[in-house]
Every structure is written in C-alpha cells, then in structure tokens.
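Notes follow once the structure below has been shown.
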Amino acid sequence: MSVVVTVGCQWGDEGKGKIIDFLCSGADLVSRHQGGNNAGHTIHADGKKFVFHLIPSGILNPNALNLIGNGVVVDPFVFIEELDHLAEQGVDVTPDRMKISGQAHLILPYHRLIDELNEKRLGREGIGTTKRGIGPAYMDKAARSGVRLFDLLNPSVLRQRLENAIPFKNELITKVYGGSPVSIDELYNSLLECGKRLAPFICDAGAIMEQALKENKKILCEGAQGTLLDIDYGTYPFLTSSNTTAGGVCTGSVIPPHNIDYVLGIAKAYTTRVGSGPFPTELFDEEADLLRNAGPVGEFGATTGRPRRCGWLDIPLLRYSRRVNGLDGIALTRLDVLCEVPEIKVCTQYKIGSETHTVLPADANLLGECQPVFETLPSWKEDISSITQFDDLPQNARDYVAAIESWLETPVAMISVGPQRNQTIVRRKMFS
Ligand code: GDP
Ligand code: IMO
Ligand code: MG
C-alpha cells in the first residue's frame with residue numbers, strides 16, 4: 001500500500017494526531033491537504049507532549065518529508081511560531097524535510113479579526129469557530145481575492161494584492177463591525193519579513209508529489225477536523241470551511257483519485273463535539289462529565305481549551321461517514337476510557353416522528369428532531385491501556401469492537417488504548 005488517507009469520522013478531535021504519529025514511522029511523506037491552525041493534534045512521544053496546529057503530525061519522524069498542500073490555509077505568523085516552538089522542544093525543522101505549497105492561501109490578520117468580529121455579531125447564533133480566520137480566508141480564496149504563499153516571493157505582486165484587498169476589508173471592519181482598520185504598510189512590511197524566512201519552505205508541491213508517487217513512496221495524508229465539519233457533507237452551517245472528507249486529498253494535495261489505496265477513518269469509541277450545532281447523542285450534566293473527565297487526558301479542546309460536548313457512539317453518523325469517505329477501515333480511539341463507565345450505550349438508529357433512519361440524514365435541519373435509539377452493552381473494569389494484542393482485551397471490549405464492525409460493515413483496523421505511541425493495537429498494517 002502506498003497512499004493512506006486518514007480522515008476524522010466525527011466532529012474532529014478523534015485522536016488523528018496520535019494515529020498519524022504512530023503510522024508515520026512507516027511513511028516517506030506526510031501531507032496535510034485542508035484546514036489550517038484551527039486543528040489541534042496532540043501527540044505524546046519521547047516523554048513530551050506536542051500539539052500541532054499547522055505543521056503535519058509526521059514531523060517527529062526524522063525520515064519523513066512533511067508537506068502542507070495547496071488546500072490548507074496558512075497563517076504565516078503561526079507557522080513561524082510553530083517552527084520556533086518545535087526548535088525549543090528539540091525538534092529542528094529544516095526546509096529539506098518541510099515544504100509548503102506556494103499555491104496555498106494565507107490567513108492574514110484581517111481574516112482573524114473578521115472571524116472574531118463576525119462571531120461577536122452573531123452572538124448566541126454563532127458557529128463557535130476557533131477564531132483563527134479560517135472561514136474568512138477560504139471566503140477570499142473562493143472570491144479570488146486571496147493572497148498565496150507564492151505572492152510572498154514577489155514584493156510587487158504582494159503589494160498589489162494587499163492594495164486590492166485591504167481597502168474593502170477596512171470598510172467592512174470599520175463600517176459594518178465597528179472595528180479598527182488594518183494598515184497596508186505595516187502588514188506589507190511584516191509579510192516581506194515572513195517571506196524571507198519562509199522562502200526556502202515554499203515549493204511546487206505538485207512536482208514533489210508526482211515524483212513521490214512515481215517512486216512508489218509511502219504517503220500518509222493527514223486529515224484535520226472531521227467528516228461532520230466538512231463544508232459540503234457536514235452539519236451546515238455549523239462546520240468548517242474546507243473539505244475534511246477523503247476527496248479533499250485530491251484537490252488539496254495533488255494526489256490523483258486513482259492513487260488512493262486505503263481510507264482510514266479515525267473514530268472515537270464515543271462522540272465529542274466543540275462549538276455549536278446539532279449532536280443527536282449528546283449527554284448533559286453528570287453523564288457528560290463522566291465521559292469528559294475519564295481517562296488520563298480529559299475532553300478539553302487542544303486549540304481553544306473549551307470543554308468538549310460529549311455523547312455516546314453514534315452509528316448512523318458513522319454509517320454516513322463511511323458513505324461519504326468510502327472508508328476501508330477504522331482506527332478506534334480512546335477505547336480505554338470506557339472502562340470508567342458502568343455500561344456503554346450506542347445509538348444504532350434515529351427516529352424522526354414515526355420514521356426510522358439507520359444513516360444520518362443529509363438534511364442537517366432534521367438532526368435537531370432525531371431521537372436516538374440506544375442499545376446497551378456491558379463495559380469492563382480492567383485497565384486495558386497496556387494491551388497491545390487484540391486477543392488480550394477483555395471479552396466485553398472485544399465484543400464492543402465486533403459489534404461496531406458488524407453495525408458498520410467495516411473492519412476496525414487499529415485500536416488506540418491510550419495517548420502514547422505504544423498504546424496501540426494493530427490489526428491491519430497500513431504500510432507493508
Ligand atoms: P485530533 O485533533 O484528532 O488529533 O485529536 P486531539 O489531539 O484534539 O484530541 C484527542 C485527545 O485524546 C488527545 O489529548 C490525545 O492525546 C488523546 N488520545 C488519543 N488517543 C487516545 C487513546 O486511545 N486513549 C486516550 N485515553 N487518549 C487518547
Ligand atoms: P482537529 O483537527 C474539533 C470546529 C470549531 C467550530 C467549527 C468552525 O483538532 O480535529 P473554524 O475555526 O474551523 O471556522 O470553526 O469547527 N472545529 C473543530 N472542532 N476539532 C477541530 O480540529 C476543529 N477545527 C474546527 O469548534 O465548531
Ligand atoms: Mg484536535
């Protein structure tokens with residue numbers, strides 16, 4: 001197998017960073033294809049904790065090249081901060097093992113400002129964004145008024161792009177939102193400085209990818225966010241602004257569709273969500289707290305620190321995720337956490353009035369009316385966090401995994417039983 005795509009199956013934070021870090025030891029190239037520093041991918045390795053927002057989670061493998069594809073929106077100031085922070089942690093990232101597509105769009109300070117001002121304007125109706133400027137940057141990309149990494153290498157083009165964009169942004173910021181305007185000169189000068197630092201990282205990613213595919217290199221594609229946050233397939237409008245699903249790899253990192261060998265869906269053994277929007281299996285109060293506080297690391301956002309909303313595993317949602325991603329297998333994460341609950345509930349279908357839905361309906365407006373139908377399974381009391389073989393898991397844990405496989409008609413290829421690299425059960429090798 002040479003191209004493995006990872007996608008979050010739920011609303012993000014499924015443990016993608018942990019799984020990618022585990023898999024990347026077998027990869028030659030790790031690439032991100034969408035999203036930006038709204039992502040927060042946590043990795044525990046070599047006795048340290050790393051949280052990656054923009055840089056691919058493969059960076060801890062010294063042998064892999066890491067690529068940020070054209071589909072990502074890049075905040076250049078955050079990229080530099082992450083480089084510096086990694087260097088402080090003893091990981092020096094040089095341009096020979098980290099590249100960014102020049103076709104990727106920039107997140108600029110006015111995108112961040114507009115994101116924040118717009119969330120404030122919407123108040124309780126807001127999306128609950130990470131306020132990193134993601135939506136406004138993708139808006140400019142689609143409106144053909146964005147600035148790309150390549151533009152940083154050409155001062156006169158950069159100046160022109162800013163002259164075209166900023167006067168209108170300032171009208172919006174000051175007259176619609178009542179905010180403070182952005183200075184073209186200040187931004188231009190700071191971007192010129194960024195450009196000098198970033199120049200050795202900026203590349204024609206298509207040429208690199210084409211060569212890697214030709215040489216049959218092992219390529220791991222790192223999804224950010226999750227299927228239900230996808231701009232097309234997610235719970236519109238409560239989602240992010242990129243294609244988080246498997247197809248995003250083709251448009252966001254120059255991988256032709258026929259080159260994808262395996263789509264690995266990463267799903268938590270229960271469900272969480274950060275931000276607003278429908279969540280059919282959501283729990284509240286003490287029941288939610290039980291899941292939120294269980295395990296060695298609780299359910300709090302890696303990017304914003306917000307408490308994550310928690311609920312039981314949702315099979316109709318995962319069937320939908322299988323449908324839109326074409327999942328070949330699942331990496332089931334945080335299974336260890338379930339030893340702390342007295343019994344496990346799983347939603348296997350929804351009722352909307354008298355209708356039964358086995359797959360999450362595409363019309364997200366219906367989700368508020370979905371009544372989950374639960375099945376109850378026994379949990380287990382044993383600590384499973386040091387088990388590395390499937391057959392050594394307690395019977396009830398094996399039965400839970402088997403039930404998921406049967407409900408989804410999809411194999412569980414990997415199981416994660418803790419945040420550390422070695423707390424992983426492999427049932428199917430990704431890179432042979
Ligand atoms: P991502 O955005 O999908 O990479 O996920 P996050 O890093 O935002 O959140 C997942 C959290 O769960 C992180 O704190 C991980 O360290 C942790 N984690 C990952 N896999 C496991 C697991 O199998 N068990 C436990 N207990 N924690 C895990
Ligand atoms: P990872 O990669 C969880 C959510 C935000 C908000 C919505 C839109 O760590 O799984 P945005 O800032 O993208 O415009 O916010 O999407 N969101 C995430 N939730 N994990 C993420 O990333 C997320 N990235 C964005 O909370 O509801
Ligand atoms: Mg996360």
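Data table
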item: Of residues in the range 251-287 being of a type in the set (Val, Ile, Thr) and open to solvent by 50 Å² or more (accessible area, probe 1.4 Å), the one nearest to the chain's Cα centre (by Cα); result: Thr251
item: Hits in the range 26-51 - residues which are surrounded by fewer than 24 Cβ atoms within 10 Å (Cβ to Cβ), within 14 Å of ligand 3 (Cβ to nearest atom) and among the charged types (D, E, K, R); result: Lys49
item: Yes/no for Val401 being assigned by TED's automatic domain parsing to the domain that holds Thr272 and either loosely packed, with under 15 Cβ neighbours inside 10 Å or part of a strand (DSSP E or B) (or both); result: no
item: Where Ile127 falls short, out of the listed (1) under 21 Å from Tyr188 (Cα atoms); (2) touching a Pro at 6+ places or on another chain (Cβ under 7 Å); (3) open to solvent by 10 Å² or more (accessible area, probe 1.4 Å); result: (1)
item: From Asp21, Asp92, residue being in the same structural domain as Gly275 (by TED's automatic domain parsing) and within 16 Å of ligand 3 (Cβ to nearest atom); result: Asp21
item: Test result for Arg309, open to solvent by 20 Å² or more (accessible area, probe 1.4 Å), within 8 Å of ligand 1 (Cβ to nearest atom), under 15 Å from Ala269 (Cα atoms) and of a type in the set (D, E, K, R); result: no
item: Sole exception among (1) under 30 Å from Gly47 (Cβ atoms); (2) more than 16 Å from ligand 1 (Cβ to nearest atom); (3) open to solvent by 70 Å² or more (accessible area, probe 1.4 Å) for Met430, by number; result: (3)
item: Residue match in the range 337-344 (condition: part of a strand (DSSP E or B) and surrounded by 15 or more Cβ atoms within 10 Å (Cβ to Cβ)); result: yes
item: Sole exception among (1) touching a residue at least 60 places away in the same chain (Cβ under 8 Å); (2) under 21 Å from Tyr262 (Cβ atoms); (3) within 16 Å of ligand 1 (Cβ to nearest atom) for Ile425, by number; result: (1)
item: The one condition in (1) open to solvent by less than 10 Å² (accessible area, probe 1.4 Å); (2) farther than 20 Å from Glu193 by Cβ; (3) part of a loop (DSSP other than H, G, I, E, B) that Leu54 fails to fulfil; result: (2)
item: Odd one out for Leu122 among (1) among the hydrophobic types (A, V, I, L, M, F, W, C); (2) under 22 Å from Asn38 (Cα atoms); (3) surrounded by 15 or more Cβ atoms within 10 Å (Cβ to Cβ); (4) without any contact (Cβ under 8 Å) to a residue 40 or more places away in the chain; result: (3)
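Residue-by-condition table, conditions (1) assigned by TED's automatic domain parsing to the domain that holds Gly17; (2) under 13 Å from Val7 (Cα atoms); (3) of a type in the set (A, V, I, L, M); (4) open to solvent by 10 Å² or more (accessible area, probe 1.4 Å):
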residue: Asp230; (1), (2), (3), (4): yes, yes, no, no
residue: Val249; (1), (2), (3), (4): yes, yes, yes, no
residue: Asp289; (1), (2), (3), (4): yes, no, no, yes
residue: Glu299; (1), (2), (3), (4): yes, no, no, no
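The values are calculated or read from the model by the stated rules, or taken from the named source; none is laboratory data. If you're wondering where the values come from, they're calculated on a predicted model, not measured in any experiment. Positions of Cβ are backbone-derived with ideal geometry, glycine not excepted, and every protein chain shown enters the neighbour counts. Surface areas here come from the heavy atoms of the whole protein model, side chains and all, with no ligands, DNA or RNA. Shrake-Rupley method; radii C 1.70, N 1.55, O 1.52, S 1.80 Å.
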